[in-house]
Structure formats: structure tokens, C-alpha cells
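Before any comments, here is the structure.
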Amino acid sequence: MTRSGAEGRTLRAVVLTVLIVAVLGPIAAGLWQSLRAGLGVLPAIGAETLSLDPWRALVDLPGFGTSLRLTLWTGFAATGLALLLAVGVCAAVHDRMDRRASGRLLAPFLAAPHAAMAIGLAFLLAPSGWIARALAPVMGWDRPPMLETVNDPWGLALIVGLVAKELPFLLLVILSALSQIPVRAQMAAGRALGYGRGIVWIKVIMPQVWPLIRLPVMVVLAFSLSVVDVALILGPSNPPTLAVRLLRLFSDPDIFQLLPASAGAILQALLALAGFAVLWLCDRAGRVIGLWWVRRGGRGLSAEPGLWLATGLATALMILGALAMVSLLVWSVAWRWPWPGLLPDSWSLRPWTGAGQGVTRALMNTVTLALSTTALSLTLAIAWLEGEDRGHFPRAKWAERLIYLPLLVPQIAFLYGLNVLVLRLGAAPGLVPVVWAQALFVFPYVMIALSDPWRALDPGLPRAAAALGAGPWRRLWRVKLPVLLTPILTASAIGVAVSVAQYLPTLFLGGGRVATLTTEAVTLSSGSDRRITGVYASLQAGLPFAAYLAAFLIPALRFRNRRALSGAAA
Amino acid sequence: MSLNLHDLSVRFGAGPLFPPVTLNAAPGTITTVMGPSGVGKSTLLDAIGGHLARGATVVGRVELNGRDVTRLPAEARCIGLMFQDAGLFPHLSVGDNLAFGLPHALKGRAARRQAVADALAQAGLSGMDGRDPATLSGGQRARAALMRTLLAEPQALLLDEPFSKLDTGLRGEIRAFTFAHIAKRGIPALMVSHDPADAEAAGGPLLTLSQEQT
């Protein structure tokens, strides 16, 4: 065995150990803690009798049934709608979409943190928001209408907020799956047999895309069923969704509420599992029905209107999302803004200057967390991929599945349990546990973003370097990393965006003492001062934007005289 | 049945790719299209079948059995297509690939299954109904793809280098199989090929495309 092969095995063993000890172990331990506390055993608060009382207390909460129904309705509706729209859009416009251009179009939407997007949407949709103001002259409203357009009891605003954020993600995932399928040739083959474009899409292309996007769809579903920050801002308030109720129970002054809260955490995990089961059943049923439908040979020449409807709706949602981000900025510099003006009467920077120390500290914390979690995740990802190269391992499918695990388990199901564990180990809540908790969710995205470009690297380059006498480290530093600069920066930007967006890990593992732009913005969003909220949310959205911009500009400048590298590898 | 091209050409932005083509393809004949790489032979087939990429414009007219199909979508033209990768759908079994080609008008589960079984038997693929297309040999794939195309009852056939990926030994056999079916159906066919042996075996007219002079 060559030296680099042995090194590769060592490197990979180290990465795997880190992954198991620092990622999978904690998730399992956190779930175990929640399970025990849900059954009445939490020695830290003196609860030591095994019983089903916490579950009874949970179910007996007033309006528990409504909360559960809301959770299921909003979670499934948002995921289903986002998937339907994404598929429709891809079917309608895939052949006129340049992948790089569409990637650039989607980047700002992907970068925007959930909370910032939700706050912006609340500004936009509220009875005194931009949409109502624009409609006021037409409808003859001389004051904001008495409509529950945000925090509505049906969770519609919550669904809009979730879809606005998930649609771009699913579009990106589907576009990248499509690049692995000979769509043009299969479209021609299907149409030559007399099938309309929409039907070829459903009968031929989608069945091949589905296995490639199943995991991301599961991530979206698990997220939608357990989201906390977006539900706090846009969701129904009385009663709210299950996850929001759990957050309240976890932060209740009465520490014995931790027991039913933990039972609820396990319920959230079970809901996610049930969601996956439903997805699996739909998959099975779809296969049987699809085959029956294919065998009947229906040509269906008229699926186009549906596709255009999906494209129209998706475009409207994207515009809504873009306006939401703009409204954050406008509110942050608004001074006097009477109804029904479309723009403020007077502007002021006072919300920015007046926010003072609080915002500076939150910004510093957020930047520190983003940089350290991203650096940590990037190092781990590069070590993994380089270990694979040096050991000449094939890509390990099982390991790739494992990476998804932190994204599939609802955060609220294990994070509090994890917190209890950390406290028991004697660590003080603060930045370090938060870095680690955030990295649980940053690493998967960084790894997913980096692995395809890394494996697509022309193997001739490192071979040529080796033939010139360069050792494995020199090949890594002088050839691979520079050539892969663009994807590495893109993965970093994604890492920053994911870190900045984290709410629960910061809240729980920071013991409420680590204030970031996200935790502050979410807290402020329930208050009434839109100006200050606008400042925090603008900054929160601004950081990932800056990271994406840097990921775009640095390679463009660095490689301005290198045509093969100036963005083509992105 | 005949396929007529009147001054047909394709433009990508500036000028036409090749000089306008006028052709009368008679029923049961196979016209071979030859010419240097990049002259637009496949593009000509795409224009006839309705598969042009966005941004390309068709100049001239395509008529099938006296019907102007130039502006029709691909699926409404009744023009079959065969290409070198066979184009079997990887997510469907061999039998379901063939069922995909069967017209909707043929009703009834049993009747449709029988039609697929008959087609498979004709192609020497009896009993391969449930097979994964990826497990077929190159020759079997080509025969299955031809059967799928013919089941859709096309009124003309386009062949884009259909045999170029087959071994020389197999090529003659698949060629004979394909041409025999075209003759039996009595439909006009247009074949793009680099292999003079293909043209010779086709025995039909020869259409040579050359670069547009600028």
C-alpha cells in the first residue's frame, strides 16, 4: 500500500470518528434525553419516577388537538405546494433556463435566512403592510382593514412563508438532478411517440428525478413539520403550532414543564417519521398508479395550462419574497409612514444609530459563529473528500445518507436533550456549545455543496502534478484547492447562510445568553417597533448576501485572466 | 404516404446552417443524409421531427402525406425517431417501454399486453417483457427501440446514426432488421449516417449536405 493510501485511510478514519462522536452520537443522546424526560425521568430537576404523566399533561394542554392539526396541515401543505410548484416550473421552463443564470437568480433567495424572510413577509402581508396600502385606493380603505392576514388561524401566512423559502431550494435541487438525465433526448423520444411535453415530463422525466430529490424533499418535510422561528413570526398564535408550544414549555419558569415539553419533542420526531412514512406510501402508490397510467398509453396533449399556472404562482411567490426583503430595508430607515402611503413621508437613520450596543454585540456574535462553524465544517468536508481521494475509496453512499441525518431529525426533538447533556458534562452554555450545535446543521450543507464539484475535478490535474514530483499535500494546496476555489467559496457562503439562520441551536445551547441577529430579530418581531426589527432583520439577511457576493466576486477577480476557472466550475 | 421537404433550412441567429433542401421521400424508401460533421444533419432531422432547440428558426416547409406539419408540435406530427443511444426509458421495463409507444386507441389490458408481446416476439425478444433495458445487449436495445417507435404507428421515420454504436458484426443484422420493417410498413424514412455501407444497404436516394457558402 502506498503512503498516501495509508494516509487516506487514516484521514477518513479521523473524519468518520469525528462524525460519529460529534454529530451522530449527540443526536442519539439528545433524543434519548428527550425520551427519558418525556417519561418522567430528568434527575437534574429531581424527577426520577418513570410514568406516562408528561404525555398526559401534553395531550391535556388546552387546544392540543388544534395545535397538532395545524402542524400537520401547514407542514404537509407547504411541502406539497412547494414541490408541485417547483416541478411545474422546471417542466415549463427547463429548456430555456441556463443553469448558471438560474443559479444566480436563486442565490439571493437561498441566502435569505428564514426568519428575515418571514419578518419581511409579515411587513408585506400585514393589514398595514405594502399590499394593503397598494390596494387601499382601489378598495376605498381609509384605515388598515380588519383582516387577519398574518398569524391567521388557518396558518395560511405560515404556509406562504414556508413555500417562499422552500421553493427556491427545491428548484435548485431539481435543476441539479435534471443535469444527470438526458432530458433533451428523452423529451424528443417521448414527443416522437406522440406525447405532449407536460405528459413526457410526468411519465418519463419525473420518475427519474424523484429518487434523486427524495432526501431533500424529506428534509423540507421534516423542517416544515417542526419549524419554530417562521411559525413564531407568521403562524397562528392561539393556539400556535406544536413546535411553538414546545418552545414555550421549554422556556416556562416552572421547570416541571420540561417533562411534557420533552414528551412533545419526541412527538415531533414521531411526526417527522410519520411524514416520511406518508411520503413512502405516496411513492409506492405513485409507482403503481404511474405504471398503470403509462401502460394505458394516454397521450394527453394538454398539460400545458397547469404548467403555466405553476410558473405564474411561483413567479408571484418569488416577487413576494423579493419585496419582503426590500420592505425590511425600507422599514429600517422609515421615520414617519402614515397610512396609506406607499413610501414613508420622512426617512431617518436613527433606528440604525439608535440600536447601539445591542446590535453591535449581536452582529459580532453572529459573525463569530458563522465564521467558526463554516471553517470547522469546511475543514471536515475537505478532510473527508481528500481522504477519499488518497485512499482511492469509491464514494460511500451510506456515509452520504448519514450526513443528511441532522437535517431529517426535527431540531426541537433533540436540542434540549443535548443541552441537558452538555450541562451535565459541566460545560457552561455559551459560544462554544453553540458553535458545535450549529455545525451539526452547517456541515451537511457544506459537504453536499462541495462533494459534487470536488469529485468532478479533472483527475488528470493532480496526476500531472504528481508526475512532476508534487506530493499529496502539495497537490492539495497548490492544485486542487486553488482550482476548486469557486465551489469552496460557494460552499462557504452556504455555510454562512445556514449558520446565520439558526435559531433553536443558538437559543438552547447558548442558554439564552448568546444573542445573535436571528434570536434578537425573532424576539423583536412580536413587538411593535418595525424600525428596530427592520434593522436586525436587514443585517441578518445582509450577512449571507455579503457571503454569496464574495463567493461570486473573489473568483471572478482572482481568475479574471483564466477563462476555464472564471465561474464555469460553479 | 410520402414526406416532402420544400426549401427547408434552419437558422440559428445569423445565416442558414445549410442550403435549402428540397426532397420527395417516397413510401418505403430510405433516403440517406450524408455530409461533413457539424453541417447540421441532425439539425435537419430535428427540424423535420419538431425537436429543434429554442432559438432555431425553420425556413421552408415540411409536408407529410400532403399535410403541412412545419408548425405542428413534435407530438402531433406522427414522425417516429430513432437515435444511436436507442433512447429506451431507464425507469421502465422493456415491456412498459413498448407499451409507452402503443396508441391510446388500443383499449383493454389484455389487448395491449398481447400487442406488446407480439412486438417483442417480432424483435426476437420474447419473454423479455419485465427486463431492465440496461441489461439488454446493444442489438437487443436497438431492436426494442425500433419496435417501440413502430408501435406508435408513425407515418414517417427519422434515423439519426442509428447503428453507429453497434459492433460491425451486429450492425449488418440490425440494419437488415430495421430496413425490412420500414419496407414492410411502406413509410418514408430519412437516415443520417457516416457509414457508406449504411447508404448502400438502404438503396435509396442520397442527400449530401454541404456548408452554406458565405
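The values are calculated or read from the model by the stated rules, or taken from the named source; none is laboratory data. What you are looking at is a predicted structure, and each value in this text was computed from that prediction instead of being measured. Every residue, glycine among them, receives a Cβ derived from its backbone with ideal geometry; neighbour counts consider all protein chains shown.
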Do we find a residue being on the phi > 0 side of the Ramachandran plot and within 11 Å of chain A (Cβ to nearest Cβ) anywhere in segment B:104-115? yes
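Hey, does segment B:36-43 have a residue that's of a type in the set (K, R) and surrounded by fewer than 19 Cβ atoms within 10 Å (Cβ to Cβ)? Let's see the steps before the verdict.
Taking segment B:36-43 and keeping what is of a type in the set (K, R), we get B:41.
When the remaining residues are screened for being surrounded by fewer than 19 Cβ atoms within 10 Å (Cβ to Cβ), the result is none.
Within segment B:36-43 (the criterion being of a type in the set (K, R) and surrounded by fewer than 19 Cβ atoms within 10 Å (Cβ to Cβ)), the answer is no, since none of the residues qualifies.
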Taking the criterion of being modelled with pLDDT under 90, crowded, with 16+ Cβ neighbours inside 10 Å and not in a strand (DSSP E or B), would at least one residue in segment B:52-70 satisfy it? yes
I'd like to verify a number: residues in segment A:214-263 that are in a helix (DSSP H, G or I) and either among the basic types (K, R) or farther than 30 Å from A:V173 by Cβ (or both), how many? 14
State all residues of segment B:88-103 that are facing another protein chain (nearest Cβ under 7 Å), within 17 Å of B:D132 (Cα to Cα) and aliphatic (A, V, I, L, M); if no residue qualifies, say none. B:L92, B:A99
Criterion: β-branched (V, I, T) and surrounded by fewer than 24 Cβ atoms within 10 Å (Cβ to Cβ) - qualifying residue of A:T523, A:T516: A:T523
Within segment B:118-130, restricting to residues that are more than 18 Å from B:I174 (Cβ to Cβ) and away from chain A (no Cβ under 13 Å), the one that is surrounded by the fewest Cβ atoms within 10 Å (Cβ to Cβ) is B:G127
What's the number of the only condition in (1) aliphatic (A, V, I, L, M); (2) over 25 Å from B:Q140 (Cβ atoms); (3) outside any helix (DSSP H, G or I) that B:M82 fails to meet? (2)
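Among the residues of segment A:34-50, which ones are assigned to a helix (DSSP H, G or I) and in contact with a strand residue (DSSP E or B) (Cβ under 8 Å, 6 or more places away or on another chain)?
Passing the criteria: A:R36, A:A37.
Working only within segment A:11-58, note down all residues that are polar (S, T, N, Q), without any contact (Cβ under 8 Å) to a residue 12 or more places away in the chain and farther than 24 Å from A:P406 by Cα. Explain how you work it out, then say what you get.
So the first thing to find is which residues in segment A:11-58 are polar (S, T, N, Q), and the list is A:17, A:33-34, A:49, A:51.
Still in the running and without any contact (Cβ under 8 Å) to a residue 12 or more places away in the chain: A:17, A:49.
Passing the criteria: only A:T49.
Report whether or not B:F163 is closer than 30 Å to B:A197 by Cα, buried (at least 16 other Cβ atoms within 10 Å of the Cβ), in contact (Cβ under 8 Å) with a residue 60 or more places away in the chain and more than 13 Å from chain A (Cβ to nearest Cβ). Spell out the reasoning first.
Values: closer than 30 Å to B:A197 by Cα: yes; buried (at least 16 other Cβ atoms within 10 Å of the Cβ): yes; in contact (Cβ under 8 Å) with a residue 60 or more places away in the chain: yes; more than 13 Å from chain A (Cβ to nearest Cβ): yes.
Taking the combined requirement at face value, the residue satisfies it.
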Would segment A:44-62 turn up any residue that is surrounded by 19 or more Cβ atoms within 10 Å (Cβ to Cβ) and modelled with pLDDT under 90? yes
Residues of segment A:51-100 being in a helix (DSSP H, G or I) and within 14 Å of chain B (Cβ to nearest Cβ), which ones? A:A92, A:V93, A:H94, A:D95, A:R96
All but one of (1) under 24 Å from A:D229 (Cα atoms); (2) assigned to a helix (DSSP H, G or I) hold for A:R478; which doesn't? (1)
May I ask you to list the residues in segment B:32-85 that are closer than 23 Å to B:H181 by Cβ, among the small types (G, A, S) and more than 9 Å from every other protein chain (Cβ to nearest Cβ)? B:S42
Scanning segment A:474-500 for residues that are among the hydroxyl-bearing types (S, T, Y) and out of contact with any Ser or Thr (no Cβ under 7 Å at 6 or more places or on another chain), the one nearest to A:T368 (Cα to Cα) turns out to be A:T490
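Please state which one of A:V498, A:V514 is part of a loop (DSSP other than H, G, I, E, B) and either at pLDDT 90 or above or within 22 Å of A:V422 (Cβ to Cβ) (or both). Don't jump to the end; show me each part of the working.
On the way: A:V498 fails: part of a loop (DSSP other than H, G, I, E, B).
On inspection, the qualifying residue turns out to be A:V514.
The rows are residues; the columns are (1) part of a loop (DSSP other than H, G, I, E, B); (2) more than 25 Å from A:W384 (Cβ to Cβ); (3) under 21 Å from the mean Cα position of the chain (by Cα).
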position: A:L407; (1), (2), (3): no, no, yes
position: A:G417; (1), (2), (3): no, yes, no
position: A:V432; (1), (2), (3): no, no, no
position: A:V435; (1), (2), (3): no, no, yes
position: A:Q438; (1), (2), (3): no, no, yes
position: A:V442; (1), (2), (3): no, no, yes
position: A:M447; (1), (2), (3): no, no, yes
